[in-house]
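Report on one structure; see the data block that follows.
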Amino acid sequence: MSDLFEDPAPSRNTPEFTVSELSGAVKRVIEGEFGLVRVRAEIGRVSRPASGHLYFDLKDDRAVIAAICWKGQAGRLSVRPEEGMEVVATGRMTTFPGQSKYQIIVEDMAPAGAGALMAMLEKRRAALAAEGLFDAARKRPLPFLPRVIGVVTSPSGAVIRDILHRLRDRFPSHVLIWPVAVQGEKCAPEVAAAIRGFNALPEDGPIPRPDLLIVARGGGSLEDLWGFNEEIVVRAAAESRIPLISAVGHETDTTLIDHAADRRAPTPTAAAEMAVPVRLDLLAGLDGQGARLSRCAAETIRRRDQRLRDLARALPRPESLAAGPSQRFDLWSTRLTGALGQIVAARRARLEPLGAHLRPRLLADLVARQKDRLADRSRGLETCLGRRNERARDRFEALSARLAPAFARLIAETERTTRRNAAALEALAVRLHLAPEARLARLSDRLEALDRLRQTLGYRETLKRGYAVVRADGEVVTTRARAERAGSLEVEFQDGRLTLASRKSRKGREEPPPAQGSLL
(Lines give C-alpha, C1' and ligand atoms only; values in the text may rest on other atoms or scores of the structure.)
Protein backbone atom coordinates (compact mmCIF):
# COMPACT_ATOMS: atom_id res chain seq x y z
CA MET A 1 0.00 0.00 0.00
CA SER A 2 2.93 2.36 0.67
CA ASP A 3 3.89 2.47 -3.02
CA LEU A 4 0.57 4.12 -3.82
CA PHE A 5 1.52 7.23 -1.79
CA GLU A 6 5.22 7.71 -2.87
CA ASP A 7 6.27 10.47 -5.35
CA PRO A 8 7.57 9.37 -8.70
CA ALA A 9 11.41 9.38 -8.99
CA PRO A 10 12.83 12.62 -10.52
CA SER A 11 14.09 12.57 -14.06
CA ARG A 12 17.87 12.14 -14.55
CA ASN A 13 18.28 14.03 -17.89
CA THR A 14 19.40 17.52 -16.31
CA PRO A 15 23.12 18.12 -17.03
CA GLU A 16 25.52 18.38 -14.09
CA PHE A 17 28.17 21.21 -13.84
CA THR A 18 31.16 21.59 -11.63
CA VAL A 19 31.56 24.86 -9.78
CA SER A 20 34.42 25.92 -12.06
CA GLU A 21 32.44 25.06 -15.20
CA LEU A 22 29.42 27.02 -14.00
CA SER A 23 31.57 30.03 -12.99
CA GLY A 24 33.33 29.97 -16.37
CA ALA A 25 30.00 29.86 -18.23
CA VAL A 26 28.69 32.83 -16.25
CA LYS A 27 31.96 34.71 -16.92
CA ARG A 28 31.68 34.13 -20.67
CA VAL A 29 28.07 35.28 -20.76
CA ILE A 30 28.73 38.49 -18.83
CA GLU A 31 31.89 39.38 -20.78
CA GLY A 32 30.15 38.62 -24.06
CA GLU A 33 27.06 40.69 -23.33
CA PHE A 34 28.86 43.59 -21.63
CA GLY A 35 32.18 43.80 -23.48
CA LEU A 36 32.39 47.62 -23.18
CA VAL A 37 30.12 49.67 -20.92
CA ARG A 38 29.96 53.23 -19.65
CA VAL A 39 28.58 53.72 -16.13
CA ARG A 40 27.53 56.97 -14.50
CA ALA A 41 27.80 56.55 -10.74
CA GLU A 42 29.11 57.90 -7.47
CA ILE A 43 32.42 56.56 -6.13
CA GLY A 44 32.12 54.82 -2.79
CA ARG A 45 34.86 53.08 -0.80
CA VAL A 46 38.36 53.59 -2.34
CA SER A 47 41.31 51.30 -1.55
CA ARG A 48 44.92 51.83 -2.70
CA PRO A 49 47.06 48.81 -1.67
CA ALA A 50 50.85 48.69 -2.04
CA SER A 51 50.53 46.84 -5.35
CA GLY A 52 49.43 50.07 -7.06
CA HIS A 53 46.01 48.79 -8.18
CA LEU A 54 42.85 50.75 -7.31
CA TYR A 55 39.79 49.10 -5.79
CA PHE A 56 36.61 51.15 -5.36
CA ASP A 57 32.81 50.95 -5.58
CA LEU A 58 30.47 52.49 -8.14
CA LYS A 59 27.03 53.07 -6.62
CA ASP A 60 23.73 54.85 -6.92
CA ASP A 61 20.81 55.00 -4.52
CA ARG A 62 19.85 51.29 -5.06
CA ALA A 63 22.89 49.22 -6.17
CA VAL A 64 26.67 48.87 -5.91
CA ILE A 65 29.19 47.49 -8.45
CA ALA A 66 32.77 46.65 -7.50
CA ALA A 67 35.37 48.32 -9.74
CA ILE A 68 39.07 47.67 -10.35
CA CYS A 69 41.69 49.80 -12.12
CA TRP A 70 44.98 48.01 -12.73
CA LYS A 71 48.28 49.68 -11.85
CA GLY A 72 49.32 50.44 -15.44
CA GLN A 73 45.99 52.08 -16.23
CA ALA A 74 45.64 53.92 -12.89
CA GLY A 75 48.58 56.19 -13.69
CA ARG A 76 46.95 57.28 -16.95
CA LEU A 77 43.58 58.32 -15.49
CA SER A 78 42.72 61.98 -15.99
CA VAL A 79 41.29 62.21 -12.47
CA ARG A 80 42.08 60.22 -9.37
CA PRO A 81 39.01 58.57 -7.84
CA GLU A 82 37.90 59.98 -4.51
CA GLU A 83 34.97 58.98 -2.34
CA GLY A 84 31.84 60.97 -3.15
CA MET A 85 32.94 61.96 -6.68
CA GLU A 86 30.39 61.56 -9.47
CA VAL A 87 32.08 60.10 -12.56
CA VAL A 88 31.46 58.35 -15.86
CA ALA A 89 33.54 55.14 -15.88
CA THR A 90 34.32 53.24 -19.08
CA GLY A 91 35.39 49.61 -18.90
CA ARG A 92 34.35 45.99 -19.36
CA MET A 93 32.35 43.69 -17.12
CA THR A 94 33.80 40.46 -15.77
CA THR A 95 33.40 38.10 -12.84
CA PHE A 96 35.64 36.97 -10.00
CA PRO A 97 34.94 33.26 -9.40
CA GLY A 98 36.92 33.24 -6.16
CA GLN A 99 34.20 35.32 -4.43
CA SER A 100 31.19 34.67 -6.71
CA LYS A 101 30.79 38.32 -7.70
CA TYR A 102 30.85 40.41 -10.81
CA GLN A 103 32.88 43.60 -11.24
CA ILE A 104 33.93 46.19 -13.82
CA ILE A 105 37.50 46.66 -15.02
CA VAL A 106 37.79 50.47 -15.42
CA GLU A 107 39.91 51.68 -18.34
CA ASP A 108 38.96 55.37 -18.33
CA MET A 109 37.21 57.76 -16.00
CA ALA A 110 35.97 61.33 -16.31
CA PRO A 111 34.00 63.61 -14.01
CA ALA A 112 30.31 63.75 -14.70
CA GLY A 113 30.33 67.34 -15.97
CA ALA A 114 31.87 70.60 -14.76
CA GLY A 115 29.47 70.67 -11.84
CA ALA A 116 30.99 67.49 -10.47
CA LEU A 117 34.49 68.94 -10.79
CA MET A 118 33.47 72.10 -8.98
CA ALA A 119 31.77 70.08 -6.24
CA MET A 120 34.86 67.94 -5.81
CA LEU A 121 37.07 71.04 -5.86
CA GLU A 122 34.96 72.70 -3.18
CA LYS A 123 35.01 69.55 -1.03
CA ARG A 124 38.80 69.33 -1.30
CA ARG A 125 39.20 73.02 -0.55
CA ALA A 126 37.09 72.71 2.60
CA ALA A 127 39.06 69.67 3.79
CA LEU A 128 42.43 71.35 3.29
CA ALA A 129 41.20 74.59 4.84
CA ALA A 130 40.08 72.62 7.91
CA GLU A 131 43.69 71.43 8.33
CA GLY A 132 44.86 75.05 8.44
CA LEU A 133 46.83 74.97 5.18
CA PHE A 134 45.18 78.19 3.98
CA ASP A 135 45.53 80.19 7.24
CA ALA A 136 46.87 83.70 6.87
CA ALA A 137 49.19 83.15 9.85
CA ARG A 138 51.15 80.55 7.83
CA LYS A 139 51.92 82.95 4.99
CA ARG A 140 55.39 84.50 4.95
CA PRO A 141 56.27 87.98 3.68
CA LEU A 142 58.06 88.19 0.34
CA PRO A 143 61.71 89.31 0.38
CA PHE A 144 62.15 92.91 -0.70
CA LEU A 145 65.02 92.20 -3.11
CA PRO A 146 65.62 88.46 -3.72
CA ARG A 147 69.09 87.52 -4.99
CA VAL A 148 67.90 84.28 -6.66
CA ILE A 149 64.37 83.56 -7.96
CA GLY A 150 63.20 80.02 -8.68
CA VAL A 151 60.52 79.59 -11.39
CA VAL A 152 58.48 76.39 -11.71
CA THR A 153 56.87 76.31 -15.16
CA SER A 154 57.16 74.90 -18.67
CA PRO A 155 60.38 76.05 -20.38
CA SER A 156 58.76 76.08 -23.82
CA GLY A 157 55.75 78.33 -23.17
CA ALA A 158 55.29 82.07 -23.37
CA VAL A 159 54.99 82.31 -19.58
CA ILE A 160 58.70 82.00 -18.84
CA ARG A 161 59.55 84.56 -21.56
CA ASP A 162 57.08 87.06 -20.05
CA ILE A 163 58.54 86.54 -16.56
CA LEU A 164 62.16 86.91 -17.70
CA HIS A 165 61.35 89.97 -19.81
CA ARG A 166 59.54 91.66 -16.91
CA LEU A 167 62.34 90.88 -14.45
CA ARG A 168 64.93 92.23 -16.88
CA ASP A 169 62.98 95.49 -17.23
CA ARG A 170 62.43 96.04 -13.50
CA PHE A 171 65.49 94.58 -11.71
CA PRO A 172 67.76 91.99 -13.37
CA SER A 173 68.07 88.97 -11.04
CA HIS A 174 69.50 85.46 -11.06
CA VAL A 175 66.69 83.09 -12.18
CA LEU A 176 66.64 79.29 -11.78
CA ILE A 177 64.07 77.44 -13.94
CA TRP A 178 62.73 74.03 -12.93
CA PRO A 179 61.01 72.62 -16.04
CA VAL A 180 57.73 70.79 -15.36
CA ALA A 181 54.62 69.69 -17.21
CA VAL A 182 51.84 72.22 -16.58
CA GLN A 183 49.00 70.01 -17.85
CA GLY A 184 48.07 66.35 -17.78
CA GLU A 185 48.75 63.47 -15.44
CA LYS A 186 52.43 64.38 -14.85
CA CYS A 187 51.67 67.97 -13.86
CA ALA A 188 50.90 67.50 -10.14
CA PRO A 189 53.80 65.21 -9.16
CA GLU A 190 56.35 67.24 -11.15
CA VAL A 191 55.22 70.59 -9.69
CA ALA A 192 55.25 69.18 -6.14
CA ALA A 193 58.71 67.66 -6.71
CA ALA A 194 60.01 71.00 -8.07
CA ILE A 195 58.81 72.94 -5.00
CA ARG A 196 60.31 70.39 -2.63
CA GLY A 197 63.50 70.23 -4.72
CA PHE A 198 64.08 73.98 -4.47
CA ASN A 199 63.54 73.82 -0.69
CA ALA A 200 66.01 70.91 -0.39
CA LEU A 201 68.89 72.87 -1.96
CA PRO A 202 71.61 73.73 0.61
CA GLU A 203 72.20 77.42 1.22
CA ASP A 204 75.96 77.16 0.56
CA GLY A 205 75.83 74.50 -2.18
CA PRO A 206 77.06 74.75 -5.76
CA ILE A 207 73.53 75.62 -6.92
CA PRO A 208 72.29 78.75 -5.09
CA ARG A 209 69.12 78.30 -3.04
CA PRO A 210 66.32 80.63 -4.24
CA ASP A 211 65.04 83.39 -1.97
CA LEU A 212 61.63 83.36 -3.74
CA LEU A 213 59.62 80.82 -5.77
CA ILE A 214 57.15 81.50 -8.60
CA VAL A 215 54.80 78.73 -9.80
CA ALA A 216 53.40 79.95 -13.12
CA ARG A 217 51.16 78.75 -15.95
CA GLY A 218 49.04 80.43 -18.60
CA GLY A 219 45.26 80.39 -18.74
CA GLY A 220 43.08 77.41 -19.60
CA SER A 221 39.96 75.47 -18.78
CA LEU A 222 39.21 73.90 -15.41
CA GLU A 223 40.43 70.55 -16.69
CA ASP A 224 43.68 72.11 -17.97
CA LEU A 225 44.39 73.69 -14.59
CA TRP A 226 43.33 70.66 -12.57
CA GLY A 227 46.90 69.60 -11.79
CA PHE A 228 47.29 72.70 -9.58
CA ASN A 229 44.21 71.63 -7.57
CA GLU A 230 45.76 68.30 -6.54
CA GLU A 231 46.39 67.74 -2.86
CA ILE A 232 50.07 66.89 -3.36
CA VAL A 233 50.71 70.30 -4.97
CA VAL A 234 48.77 72.18 -2.27
CA ARG A 235 50.67 70.45 0.54
CA ALA A 236 54.03 71.08 -1.12
CA ALA A 237 53.20 74.81 -1.45
CA ALA A 238 52.06 75.00 2.19
CA GLU A 239 55.21 73.20 3.45
CA SER A 240 57.60 75.38 1.42
CA ARG A 241 60.07 77.26 3.64
CA ILE A 242 60.80 79.61 0.73
CA PRO A 243 58.15 82.31 0.11
CA LEU A 244 56.03 81.30 -2.91
CA ILE A 245 53.99 83.28 -5.44
CA SER A 246 51.21 81.46 -7.31
CA ALA A 247 50.65 82.76 -10.87
CA VAL A 248 48.43 80.04 -12.38
CA GLY A 249 45.95 81.04 -15.11
CA HIS A 250 44.42 84.41 -15.79
CA GLU A 251 42.97 86.82 -13.26
CA THR A 252 39.58 85.04 -13.22
CA ASP A 253 41.10 81.56 -12.74
CA THR A 254 41.41 80.29 -9.15
CA THR A 255 43.16 77.09 -8.08
CA LEU A 256 43.86 75.61 -4.68
CA ILE A 257 47.56 76.45 -4.88
CA ASP A 258 46.51 80.13 -4.86
CA HIS A 259 45.13 79.65 -1.32
CA ALA A 260 48.22 77.80 -0.05
CA ALA A 261 50.78 80.17 -1.61
CA ASP A 262 52.14 83.16 0.30
CA ARG A 263 50.92 85.53 -2.43
CA ARG A 264 48.62 85.11 -5.46
CA ALA A 265 49.40 86.95 -8.68
CA PRO A 266 46.65 87.44 -11.30
CA THR A 267 49.10 86.75 -14.17
CA PRO A 268 52.72 85.54 -14.52
CA THR A 269 53.76 89.07 -15.47
CA ALA A 270 52.21 90.39 -12.28
CA ALA A 271 54.15 87.75 -10.33
CA ALA A 272 57.40 89.14 -11.74
CA GLU A 273 56.31 92.65 -10.70
CA MET A 274 55.61 91.38 -7.15
CA ALA A 275 58.98 89.63 -6.97
CA VAL A 276 61.30 92.61 -7.55
CA PRO A 277 60.98 96.40 -7.31
CA VAL A 278 61.88 98.86 -10.07
CA ARG A 279 65.61 99.49 -10.01
CA LEU A 280 65.36 103.12 -11.20
CA ASP A 281 62.79 103.91 -8.50
CA LEU A 282 65.13 102.42 -5.89
CA LEU A 283 68.04 104.53 -7.11
CA ALA A 284 65.92 107.68 -7.04
CA GLY A 285 64.63 106.88 -3.59
CA LEU A 286 68.15 106.12 -2.40
CA ASP A 287 69.40 109.48 -3.62
CA GLY A 288 66.55 111.25 -1.85
CA GLN A 289 67.14 109.34 1.37
CA GLY A 290 70.87 110.13 1.19
CA ALA A 291 70.15 113.83 0.89
CA ARG A 292 67.72 113.69 3.82
CA LEU A 293 70.29 111.78 5.84
CA SER A 294 72.94 114.41 5.21
CA ARG A 295 70.59 117.23 6.21
CA CYS A 296 69.45 115.37 9.32
CA ALA A 297 73.04 114.55 10.34
CA ALA A 298 74.11 118.19 10.00
CA GLU A 299 71.08 119.41 11.96
CA THR A 300 71.62 116.80 14.66
CA ILE A 301 75.28 117.76 15.06
CA ARG A 302 74.33 121.44 15.31
CA ARG A 303 71.69 120.74 17.98
CA ARG A 304 73.99 118.46 19.96
CA ASP A 305 76.76 121.06 19.86
CA GLN A 306 74.41 123.74 21.15
CA ARG A 307 73.09 121.39 23.82
CA LEU A 308 76.65 120.54 24.88
CA ARG A 309 77.56 124.20 25.27
CA ASP A 310 74.41 124.82 27.33
CA LEU A 311 75.13 121.89 29.64
CA ALA A 312 78.80 122.82 30.00
CA ARG A 313 77.78 126.11 31.65
CA ALA A 314 75.90 124.19 34.35
CA LEU A 315 78.79 121.84 35.22
CA PRO A 316 80.81 122.46 38.44
CA ARG A 317 84.52 123.29 38.43
CA PRO A 318 86.95 120.34 38.09
CA GLU A 319 88.66 121.27 41.38
CA SER A 320 85.41 120.86 43.31
CA LEU A 321 84.72 117.53 41.66
CA ALA A 322 88.16 116.19 42.62
CA ALA A 323 88.09 117.50 46.24
CA GLY A 324 86.04 114.64 47.67
CA PRO A 325 87.97 111.80 45.99
CA SER A 326 91.26 113.47 46.95
CA GLN A 327 90.23 113.61 50.61
CA ARG A 328 89.14 109.95 50.53
CA PHE A 329 92.49 109.05 48.95
CA ASP A 330 94.40 110.75 51.80
CA LEU A 331 92.28 108.94 54.38
CA TRP A 332 92.84 105.58 52.78
CA SER A 333 96.58 106.18 52.40
CA THR A 334 96.90 106.72 56.17
CA ARG A 335 95.10 103.43 56.80
CA LEU A 336 97.24 101.57 54.32
CA THR A 337 100.39 101.50 56.49
CA GLY A 338 98.66 99.89 59.46
CA ALA A 339 96.83 97.41 57.26
CA LEU A 340 100.08 96.34 55.61
CA GLY A 341 101.67 95.75 59.03
CA GLN A 342 98.75 93.60 60.14
CA ILE A 343 98.86 91.57 56.94
CA VAL A 344 102.63 90.98 57.33
CA ALA A 345 102.15 89.86 60.96
CA ALA A 346 99.36 87.44 59.98
CA ARG A 347 101.39 86.01 57.12
CA ARG A 348 104.46 85.66 59.41
CA ALA A 349 102.37 83.78 61.99
CA ARG A 350 101.15 81.39 59.27
CA LEU A 351 104.68 80.90 57.89
CA GLU A 352 106.29 80.06 61.25
CA PRO A 353 104.62 76.59 61.71
CA LEU A 354 105.20 75.81 58.07
CA GLY A 355 108.91 76.63 58.31
CA ALA A 356 109.32 74.06 61.07
CA HIS A 357 108.80 71.33 58.47
CA LEU A 358 111.62 72.66 56.25
CA ARG A 359 114.41 70.98 58.19
CA PRO A 360 117.76 70.33 56.48
CA ARG A 361 117.90 66.81 57.86
CA LEU A 362 114.59 65.85 56.22
CA LEU A 363 115.69 67.24 52.86
CA ALA A 364 119.07 65.48 53.20
CA ASP A 365 117.31 62.16 53.89
CA LEU A 366 115.09 62.70 50.83
CA VAL A 367 118.13 63.45 48.67
CA ALA A 368 119.92 60.34 49.98
CA ARG A 369 116.93 58.13 49.18
CA GLN A 370 116.67 59.59 45.70
CA LYS A 371 120.40 59.08 45.20
CA ASP A 372 120.20 55.40 46.26
CA ARG A 373 117.23 54.86 44.00
CA LEU A 374 119.06 56.50 41.09
CA ALA A 375 122.17 54.35 41.74
CA ASP A 376 120.07 51.17 41.74
CA ARG A 377 118.50 52.15 38.46
CA SER A 378 121.87 53.01 36.93
CA ARG A 379 123.29 49.64 37.91
CA GLY A 380 120.25 47.89 36.44
CA LEU A 381 120.60 49.96 33.27
CA GLU A 382 124.27 49.03 32.91
CA THR A 383 123.48 45.33 33.37
CA CYS A 384 120.59 45.52 30.87
CA LEU A 385 122.70 47.38 28.32
CA GLY A 386 125.51 44.85 28.77
CA ARG A 387 123.21 41.90 28.19
CA ARG A 388 121.64 43.59 25.20
CA ASN A 389 125.07 44.35 23.76
CA GLU A 390 126.16 40.72 24.28
CA ARG A 391 123.05 39.41 22.55
CA ALA A 392 123.55 41.80 19.68
CA ARG A 393 127.20 40.83 19.38
CA ASP A 394 126.36 37.08 19.44
CA ARG A 395 123.68 37.56 16.82
CA PHE A 396 126.03 39.64 14.72
CA GLU A 397 128.76 36.99 14.91
CA ALA A 398 126.25 34.28 13.95
CA LEU A 399 125.05 36.29 10.99
CA SER A 400 128.57 37.21 9.91
CA ALA A 401 129.56 33.53 9.90
CA ARG A 402 126.77 32.83 7.44
CA LEU A 403 127.68 35.62 5.09
CA ALA A 404 129.78 35.04 2.01
CA PRO A 405 133.23 36.67 1.57
CA ALA A 406 131.59 39.14 -0.81
CA PHE A 407 130.06 40.90 2.24
CA ALA A 408 133.38 41.43 4.06
CA ARG A 409 133.19 45.15 3.46
CA LEU A 410 129.73 45.27 5.01
CA ILE A 411 130.98 43.31 8.03
CA ALA A 412 133.87 45.74 8.52
CA GLU A 413 131.48 48.67 8.36
CA THR A 414 129.24 46.97 10.89
CA GLU A 415 132.16 46.44 13.25
CA ARG A 416 133.10 50.12 13.00
CA THR A 417 129.48 51.01 13.77
CA THR A 418 129.55 48.67 16.76
CA ARG A 419 132.71 50.31 18.07
CA ARG A 420 131.17 53.74 17.67
CA ASN A 421 128.04 52.56 19.52
CA ALA A 422 130.24 51.06 22.26
CA ALA A 423 132.09 54.38 22.61
CA ALA A 424 128.77 56.24 22.74
CA LEU A 425 127.53 53.77 25.35
CA GLU A 426 130.62 54.32 27.48
CA ALA A 427 130.09 58.08 27.24
CA LEU A 428 126.46 57.62 28.32
CA ALA A 429 127.64 55.43 31.23
CA VAL A 430 130.04 58.19 32.37
CA ARG A 431 127.22 60.77 32.16
CA LEU A 432 124.95 58.40 34.07
CA HIS A 433 127.60 58.04 36.79
CA LEU A 434 128.00 61.82 37.09
CA ALA A 435 124.26 62.63 36.96
CA PRO A 436 123.46 61.67 40.64
CA GLU A 437 126.26 63.83 41.96
CA ALA A 438 125.16 66.81 39.88
CA ARG A 439 121.52 66.37 40.98
CA LEU A 440 122.63 66.03 44.63
CA ALA A 441 124.61 69.27 44.31
CA ARG A 442 121.58 71.10 42.84
CA LEU A 443 119.31 69.81 45.62
CA SER A 444 121.84 70.85 48.29
CA ASP A 445 122.00 74.38 46.82
CA ARG A 446 118.21 74.55 46.78
CA LEU A 447 118.05 73.34 50.40
CA GLU A 448 120.52 76.01 51.51
CA ALA A 449 118.53 78.68 49.64
CA LEU A 450 115.29 77.57 51.32
CA ASP A 451 116.98 77.59 54.75
CA ARG A 452 118.26 81.11 54.15
CA LEU A 453 114.73 82.14 53.07
CA ARG A 454 113.29 80.57 56.23
CA GLN A 455 115.74 82.45 58.42
CA THR A 456 115.08 85.70 56.57
CA LEU A 457 111.25 85.45 56.78
CA GLY A 458 111.15 84.13 60.38
CA TYR A 459 109.70 86.46 62.99
CA ARG A 460 112.82 86.14 65.18
CA GLU A 461 114.75 88.09 62.58
CA THR A 462 112.08 90.81 62.92
CA LEU A 463 112.55 90.83 66.71
CA LYS A 464 116.25 91.63 66.21
CA ARG A 465 115.23 94.83 64.39
CA GLY A 466 113.52 96.20 67.53
CA TYR A 467 110.01 94.71 67.31
CA ALA A 468 108.20 92.70 70.01
CA VAL A 469 105.35 90.13 70.03
CA VAL A 470 102.54 90.57 72.60
CA ARG A 471 100.52 87.48 73.56
CA ALA A 472 97.54 86.95 75.85
CA ASP A 473 96.24 83.48 76.74
CA GLY A 474 98.56 81.97 74.13
CA GLU A 475 97.26 84.18 71.27
CA VAL A 476 98.90 87.18 69.58
CA VAL A 477 97.40 90.53 70.66
CA THR A 478 97.08 93.12 67.90
CA THR A 479 94.65 95.72 69.42
CA ARG A 480 94.54 97.79 72.56
CA ALA A 481 91.05 96.65 73.48
CA ARG A 482 92.16 93.02 73.42
CA ALA A 483 95.14 93.86 75.65
CA GLU A 484 92.90 95.63 78.19
CA ARG A 485 90.57 92.64 78.45
CA ALA A 486 93.46 90.14 78.95
CA GLY A 487 94.30 88.83 82.43
CA SER A 488 98.03 89.00 81.79
CA LEU A 489 100.28 89.90 78.90
CA GLU A 490 103.43 88.16 77.69
CA VAL A 491 105.87 90.27 75.67
CA GLU A 492 108.56 88.49 73.64
CA PHE A 493 111.79 90.33 72.82
CA GLN A 494 114.91 89.23 71.01
CA ASP A 495 116.56 87.84 74.15
CA GLY A 496 113.56 86.49 76.11
CA ARG A 497 109.94 86.91 77.23
CA LEU A 498 108.45 89.25 79.88
CA THR A 499 105.12 88.58 81.67
CA LEU A 500 103.05 91.62 82.81
CA ALA A 501 100.06 91.50 85.23
CA SER A 502 96.69 93.17 84.49
CA ARG A 503 96.00 96.76 85.45
CA LYS A 504 92.69 95.83 87.09
CA SER A 505 92.25 93.92 90.32
CA ARG A 506 89.79 91.07 90.78
CA LYS A 507 87.26 93.47 92.34
CA GLY A 508 87.34 95.75 89.36
CA ARG A 509 89.36 98.58 90.99
CA GLU A 510 92.39 99.95 89.24
CA GLU A 511 95.77 99.34 90.87
CA PRO A 512 99.18 100.68 89.95
CA PRO A 513 101.13 98.48 87.59
CA PRO A 514 103.68 96.13 89.12
CA ALA A 515 107.16 97.48 89.64
CA GLN A 516 108.78 94.86 87.45
CA GLY A 517 107.93 91.81 85.41
CA SER A 518 109.36 88.39 85.42
CA LEU A 519 111.91 87.68 82.75
CA LEU A 520 111.65 84.20 81.19
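Remarks
- A Förster distance of 56 Å, applied to the separation of the beta-carbon atoms of Ala424 and Arg452, puts the FRET efficiency at 0.85.
- Packing, as the average of other Cβ atoms within 10 Å across residues, places the peptides 338-345, 15-22, 77-84 in the order 77-84, 338-345, 15-22, highest first.
- Full extension of the chain segment joining Arg460 with Arg317 gains 46.1 nm, where the gain is 0.36 nm per residue of separation less the Cα-Cα distance.
- Charge tally in the Cβ shell below 15 Å around Ala216, where Lys, Arg are +1 and Asp, Glu are -1, Ala216 excluded: -3
- Using the Cβ-Cβ distance between Thr499 and Lys371 with R0 = 60 Å, the FRET efficiency computed as 1/(1 + (r/R0)^6) comes to roughly 0.80.
- The coefficient of translational diffusion for segment 267-410, derived via Stokes-Einstein from the alpha carbon Kirkwood radius under 37 °C and 0.692 mPa s, stands at 113 µm²/s.
- Computed from Cα atoms, the angle from the helix 408-457 axis to the main principal axis of the chain rounds to 60 degrees.
- The chain, dipole about Cα centre (Lys/Arg Cβ +1, Asp/Glu Cβ -1), debye to the nearest 20: 5360
- Along the axis of the charge dipole computed for the chain (Cβ charges of +1 for Lys and Arg, -1 for Asp and Glu, origin at the Cα centre), the listed residues Cys384, Ser444, Ala112 are led at the positive end by Ser444.
- Extended-chain gain in nm, criterion 0.36 nm per residue less alpha-carbon gap, Val344 and Thr90: 80.5 nm
- Multiplying the residue separation of Asp445 and Leu280 by 0.36 nm and subtracting their alpha-carbon distance yields 50.8 nm.
- Segment 77-141-segment 31-53 distance, computed between alpha-carbon centres (Å): 13
- The modelled label-to-label distance for the pair Lys186/Ala119, using points 7 Å beyond Cα in the direction of Cβ, is 3.4 nm.
- Charge tally for Arg45 (other residues, Cβ to Cβ under 14 Å; Lys, Arg +1; Asp, Glu -1): -2.
- Heavy-atom accessible area ranking, 1.4 Å probe, most first, across Arg40, Arg166: Arg40, Arg166
- Options [x] 22.8; [y] 88.0; [z] 25.1 - which one matches mean projected area of the Cα convex hull in nm² as calculated here: [y]
- FRET efficiency for Arg38 and Leu145, using Cβ-Cβ distance with R0 set to 60 Å, rounded to 0.05: 0.60
- The modelled label-to-label distance for the pair Asp310/Arg388, using points 7 Å beyond Cα in the direction of Cβ, is 9.0 nm.
- If you count Lys pairs in the chain whose Cα atoms are under 20 Å apart, skipping same-chain pairs closer than 8 places in sequence, the total is 4.
- Taking the DSSP beta bridges with both ends in the chain, the antiparallel portion is around 65 percent.
- Cβ-defined net charge surrounding Asp60, 12 Å radius [Lys, Arg +1; Asp, Glu -1]: -1
The values are calculated or read from the model by the stated rules, or taken from the named source; none is laboratory data. None of the values given here were measured: they were computed from a predicted structure. Don't worry about glycine lacking a Cβ; one is built from the backbone with ideal geometry, like all the others, and counts go over all protein chains shown. We work out accessible area using only protein heavy atoms, side chains counted, and drop any ligands, DNA or RNA first. Shrake-Rupley method; radii C 1.70, N 1.55, O 1.52, S 1.80 Å.
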